[in-house]
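The values are calculated or read from the model by the stated rules, or taken from the named source; none is laboratory data. Because the structure is a prediction, the values reported are computed rather than measured. Every residue, glycine as well, gets a Cβ built from its backbone with ideal geometry; the counts of neighbours run over all protein chains shown. Ligands, DNA and RNA are stripped out before the accessible areas are found, and what is left, the full protein with its side chains, is counted by its heavy atoms. Shrake-Rupley method; radii C 1.70, N 1.55, O 1.52, S 1.80 Å.
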2 protein chains.
Amino acid sequence: MLNAVGREIPEEIGGRKLKPYNGPFSFKPKGRLHPPPLKAVFPDESKLLPSIKDAIKKVGLEDGMTISFHHHLRNGDAVVNMVMEEIAKMGIKDIKLAPTALFPVHEPLIEHIKNGVITSIEGSLNGPIGEYVSKHGLKEPVVLRSHGGRARAVRRGDLHIDVAFIAAPIADEYGNCNGMLGKSAFGAMGFAYADAMHADNVVIITDNLQPYPVTPISIPQIYVDYVVEVESIGDPSGIQTGTMRITRSPARLNIAKNVVKFLAKAGVIKDGFSFQAGAGGISLAVTKFLHEYMKENGIVGDFVMGGITGFVVDMLHDGTIRKILDAQTFDLKAVESMSQDEEHVEVSHMMFGDPHTCGCVVNRQHACFLGATEVDLDFNVNVNTHSDGLLLHGIGGHQDAAAGSDVTVITIPLLRGRLPVIRKEVTTVSTPHHTVDVVVTDRGIAVNPEREDLIEAVKGKIEIMDIEELYKKAISLAGEPKEPRFKDDIVALIEYRDGTILDVVRGVA
Amino acid sequence: MLNAVGREIPEEIGGRKLKPYNGPFSFKPKGRLHPPPLKAVFPDESKLLPSIKDAIKKVGLEDGMTISFHHHLRNGDAVVNMVMEEIAKMGIKDIKLAPTALFPVHEPLIEHIKNGVITSIEGSLNGPIGEYVSKHGLKEPVVLRSHGGRARAVRRGDLHIDVAFIAAPIADEYGNCNGMLGKSAFGAMGFAYADAMHADNVVIITDNLQPYPVTPISIPQIYVDYVVEVESIGDPSGIQTGTMRITRSPARLNIAKNVVKFLAKAGVIKDGFSFQAGAGGISLAVTKFLHEYMKENGIVGDFVMGGITGFVVDMLHDGTIRKILDAQTFDLKAVESMSQDEEHVEVSHMMFGDPHTCGCVVNRQHACFLGATEVDLDFNVNVNTHSDGLLLHGIGGHQDAAAGSDVTVITIPLLRGRLPVIRKEVTTVSTPHHTVDVVVTDRGIAVNPEREDLIEAVKGKIEIMDIEELYKKAISLAGEPKEPRFKDDIVALIEYRDGTILDVVRGVA
């Protein structure tokens, strides 16, 4: 079947019937949420267990079950490896791993994949595990989802979690916890909400057990079966990865300036202006320049949704924005702000971007600024695979922000090294062209022809060009890029946030 | 069938099979929660409606459906009457009303009962509607539940809500709201959580629409279908009813002093001491004396759960307790504290007392002090019916606090007017003797003989007597009370918090 971005989707794979993507707002769900089991914990029962092994035994983890993790500690996380090592030692096999995302720090999992401890994965793959999947495949295709899409899948039961292991930098022995306090504080705990509320069993793993009741309460005790204290849940400095420094490249700074200029000329930046801030080097620069522009012009925004960084905190502190809604915190300055600033508010990823709720935060965003690995002539965006075909990144909140925001801006350099970023066709469709409005490069700006309103709004105020022109410019500089050498086997599915299928990823020879 | 407090329970009533109460911790639930429907609200859709009538139309309210309300505004609530009047005008009939509680201010509902607009009620009845039910009955028996038990019933689907109408003193047009801010601020919104999360449709009714996003977020937008702005949701001064003033009676002050003395002698009041504070005149006095005792002895408590009043706020402010967990706020000083004190934390009634979670707050309480209409020689407690048999009060958190707390203290005068409060048998069993430990009166203290540990702990330190002695003392002063004149028809069921049946209430001649 061809879907609405022209990709061929098989009708079925590994026993799962696939529904092709049919436009961003075409699918209204029927039915009810996936309900978790009723429990009863009586007054004298303790939830505190001496080790992860005890927790694995107590929840009755068995071959073939699904376990989940959040990635708020990003490349500093220690919990996934710790739990998987214990599971492997206990001889449990055929686990479906459902992390919100994996990072280079999780490379040891490859051994567990080779040994049959992990046989399938639903979650974002950043780095080595993705490369392994591209080259070798798993028993079933990996399922990649956006942040909002994953929350949806968990709430709807498409992704049924037997045991959620939730890392917490502070918790009490009854399971109340948050991400804001403690030596391993990572800020918002947005990913953990859906898992805590829908998994059959919930285990809190903390390195900072404090007297009952721990507050603020992000995950409340009523969802928590067991609590385990460990030496360390990870290294919070790993939150801030290389992509999270503001760009120093003059060309990229120019992209950021042009984003603000475009939005200003289009009349989008006015009182109440609300946007989603990303954490890539260009996005950070956009935030900084937006801040300057809004301050100079006395504009006060309603909220910034994030992935929150110190750059956004600065906007809150000087009153340029009224509130921060934070589902995932991207640097330590923002972590500190969350525990101190009343108007820096934690929200879940259900609230951030689950399309099958009564409306998520992205619906209220006037603009978002997102990076891309590739953009094509139709305005489809690829963030998952590199141009060699390797599956090296997750979707993040890309699809969600693009679908919800009034104006979705993609910020890219025309060339990355010797590779043109604008292509005839993206290697993988991660975010569909229906939700992508503007592409800002260091050599010019293109607007999706579907957005006649935007083209009209900036006419005569800022130069825009056809995306074909940008493409030709790139090709003339770097030549046509080599096509990746794909095999036939499908190693991953790219789900759209509503559960339909946007694209498949094939193995790389 | 005889249940575990010796009450005869019919096997079935109105098509519902009844499960008899069998002890406080005997029933482990099977199965899963009641899941609400999946929704999809797309970016350009608005939730704001011009009137309650429009909301009733939009949610498709029909004859025979169930609607719910919270009672945080207590006797100041205007929303129940407003919505029911609109429903009556629209000609909708046979509504099942599922308020958390009704108060004297809701007396106009009697007309809707007479006219067949309301034909059944599941919820607490305080005052005139209760009296009406005692005298006339409804089509089906009214179901009374504790606060925790109601949350359980909603989460489990025993009480399926078609439309939850939630009064909010501040909300944005997308439905984010809290109870702490605005001219009608009432503090915690604990009752609304279960309804918002499990009802098929959710309508926020506010008198204070503020720009998006309203924070703190008690009920998040993802659960809210529609928002309606009205002139006024009620009068927050109605929160503080007559029972919420500290007693001035020397005899009752003496009861309060003896409670503190008993707990002190029993060794219960030490660092970490956590308790549930009530709002009756004697409970307030207990809180005050506890405060003094803890302060004098340098004891710092972990938390107070409530029903929170200014007396508890005082304890927080001077460091006698570390935290307040607040599901329902009982005076305006406490309302103010909730919006200002970081350690005064809102919790839901699922968290407060739902027994079919992974453990609720009551499980962590060292003590609670509760009032009673009657106590019997077995230590059963009645809070629902007066000695003339009229159904005049709800269960409140009575069952929950009693079940969870290490030491449950009932504070009563020996006589109320000319009526003995200790009886051979209570008129109605609201809280079972298995969870009642100590009865403190103005004429002596009795300890449940099942609590040998407590009797041992206070031996030689404080005088205790047999409850039979207290009973005889009361009878010798006031004579045997008249028995109420009951009819055969069952007008109400008293559910235990786990959904089993503790007792039935019969009509009064």
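Structure summary
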quantity	calculated
Matching residues, the stretch B:203-223, being hydroxyl-bearing (S, T, Y) and within 11 Å of chain A (Cβ to nearest Cβ)	B:Y212, B:T215, B:Y223
Any hit, the stretch B:310-317, residues being touching a helix residue (DSSP H, G or I) at 6+ places or on another chain (Cβ under 9 Å) and either among the polar types (S, T, N, Q) or in contact (Cβ under 8 Å) with a residue 40 or more places away in the chain (or both)	yes
Members of the stretch B:421-444 that are in a strand (DSSP E or B), in contact with a Leu (Cβ under 7 Å, 6 or more places away or on another chain) and not β-branched (V, I, T)	B:G444
Tally of residues being closer than 13 Å to B:I494 by Cα and of a type outside the set (S, T, Y) across the stretch B:131-152	8
Pairs, first farther than 17 Å from A:A192 by Cα in the stretch A:335-347, second at pLDDT 95 or above and assigned to a strand (DSSP E or B), C-beta under 7 Å, six or more apart	A:S337/A:H344; A:E343/A:R322; A:E343/A:K323; A:E343/A:I324; A:H344/A:I324; A:H344/A:D326
The stretch B:79-104: number of residues that are outside any helix (DSSP H, G or I) and over 19 Å from the mean Cα position of the chain (by Cα)	7
Condition met for A:E62 (away from every other protein chain (no Cβ under 11 Å) and either within 30 Å of B:H356 (Cα to Cα) or charged (D, E, K, R) (or both))	yes
Test for A:P99: is it open to solvent by less than 10 Å² (accessible area, probe 1.4 Å) and within 25 Å of A:D326 (Cα to Cα)	yes
Checklist (1) within 11 Å of chain B (Cβ to nearest Cβ); (2) crowded, with 21+ Cβ neighbours inside 10 Å applied to A:H71, failing item	(1)
Within the stretch A:26-39, tally of residues that are over 13 Å from A:T500 (Cα atoms) and either away from every other protein chain (no Cβ under 14 Å) or modelled with pLDDT under 95 (or both)	1
Tally, over the stretch B:201-242, of residues that are under 11 Å from B:I166 (Cβ atoms) and aromatic (F, W, Y)	2
Index of the failed condition, B:D200 passing every other in (1) within 12 Å of chain A (Cβ to nearest Cβ); (2) on the phi > 0 side of the Ramachandran plot; (3) buried (at least 18 other Cβ atoms within 10 Å of the Cβ)	(2)
Which listed residue, of A:G23, A:G6, A:G15, is open to solvent by less than 30 Å² (accessible area, probe 1.4 Å) and more than 10 Å from every other protein chain (Cβ to nearest Cβ)	A:G23
Qualifying residue in the stretch A:236-250 (condition: within 30 Å of B:R32 (Cα to Cα) and open to solvent by 40 Å² or more (accessible area, probe 1.4 Å))	no
The lone exception for A:M315 - which of (1) within 15 Å of the chain's Cα centre (by Cα); (2) at pLDDT 95 or above it fails	(1)
Flag for A:D271 being among the acidic types (D, E) and either within 30 Å of A:V447 (Cβ to Cβ) or touching a Cys at 6+ places or on another chain (Cβ under 7 Å) (or both)	yes
Among (1) closer than 17 Å to B:V59 by Cβ; (2) surrounded by fewer than 24 Cβ atoms within 10 Å (Cβ to Cβ) - the single one B:A185 does not satisfy	(1)
Flag for B:D162 being of a type outside the set (F, W, Y), within 12 Å of chain A (Cβ to nearest Cβ) and touching a strand residue (DSSP E or B) at 6+ places or on another chain (Cβ under 9 Å)	no
Among (1) more than 14 Å from chain A (Cβ to nearest Cβ); (2) crowded, with 19+ Cβ neighbours inside 10 Å; (3) over 16 Å from B:A285 (Cα atoms) - the single one B:Y226 does not satisfy	(1)
Test: residue in the stretch A:417-428 that is within 21 Å of A:F330 (Cα to Cα), open to solvent by less than 10 Å² (accessible area, probe 1.4 Å) and in contact with a strand residue (DSSP E or B) (Cβ under 9 Å, 6 or more places away or on another chain)	no
Residue within the stretch B:406-416 that is within 14 Å of chain A (Cβ to nearest Cβ), surrounded by fewer than 22 Cβ atoms within 10 Å (Cβ to Cβ), charged (D, E, K, R) and assigned to a loop (DSSP other than H, G, I, E, B) present	yes
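For every residue, the table says whether it meets (1) open to solvent by less than 10 Å² (accessible area, probe 1.4 Å); (2) not assigned by TED's automatic domain parsing to the domain that holds A:V260.
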site	(1), (2)
A:S430	yes, no
A:V440	yes, no
A:P449	no, no
A:E463	no, no
A:E480	no, no
A:I490	no, yes
A:D503	yes, yes
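Yes or no, residue by residue, for (1) within 23 Å of the chain's Cα centre (by Cα); (2) outside the structural domain of A:M82 (by TED's automatic domain parsing); (3) in a helix (DSSP H, G or I); (4) at pLDDT 95 or above:
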| position | (1), (2), (3), (4) |
| --- | --- |
| A:M197 | yes, no, yes, yes |
| A:P211 | no, no, no, yes |
| A:V227 | no, no, no, yes |
| A:E231 | no, no, no, yes |
| A:T247 | yes, yes, no, no |
| A:A251 | no, yes, yes, no |
| A:A256 | yes, yes, yes, yes |
